[in-house]
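Let me begin by presenting the structure, written as structure tokens, before commenting on it.
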Amino acid sequence: MARYYIVVYDVNEKRVAKVHRVLRAYLHWRQRSVFEGWLTEGELKELMMRLSEVIDEGEDSILFYSLVSDRAFRTFHLGKPPESIDNII
């Protein structure tokens, strides 16, 4: 069964492009260091493996929020809205 994930990262600028590229292969890019989307357990394991090959675990941080549904909460923003408003939770 797939779960909905919100993923945020804080990595050294030398690795930002690599982390962004890996995450974009699995999830939808929302803004700067924020991605979201559905992942199966297998996809999540694969994504985490690929990310662990790119990051420095002593310096970088990637945070995963796991949700049962993309409709279980409300989201809102301040300032300039995200560039793409399709499929925003």
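The values are calculated or read from the model by the stated rules, or taken from the named source; none is laboratory data. All figures in this text were calculated on a predicted structure; none of them were measured in a lab. Positions of Cβ are backbone-derived with ideal geometry, glycine not excepted, and every protein chain shown enters the neighbour counts.
Worth a mention:
- Selection of first residues in region 61-75 that are closer than 19 Å to E41 by Cβ and of second residues that are among the hydroxyl-bearing types (S, T, Y) and surrounded by 10 or more Cβ atoms within 10 Å (Cβ to Cβ), restricted to Cβ pairs under 7 Å at least 6 apart or on distinct chains, gives the following pairs, ordered by first then second residue: I62/Y9; F64/Y5; Y65/Y5; S66/Y5; L67/Y4; S69/Y4; D70/Y4.
- Just so you know, in region 30-83 the residues that are under 26 Å from E13 (Cα atoms) and of a type in the set (F, W, Y) include one that is surrounded by the fewest Cβ atoms within 10 Å (Cβ to Cβ), and it is Y65.
- Residue list for region 29-55, filter: of a type in the set (D, E) and either within 17 Å of I6 (Cα to Cα) or at pLDDT below 95 (or both): E36, E41, E43, E46
- Of the residues making up region 4-28, those that are surrounded by 15 or more Cβ atoms within 10 Å (Cβ to Cβ), in contact (Cβ under 8 Å) with a residue 24 or more places away in the chain and not aliphatic (A, V, I, L, M) number 6.
- Among the residues of region 29-55, those that are among the charged types (D, E, K, R), free of Cβ contacts under 8 Å to residues at least 24 places away in the same chain and either part of a strand (DSSP E or B) or farther than 14 Å from S66 by Cβ (or both) comprise R32, E46, E53.
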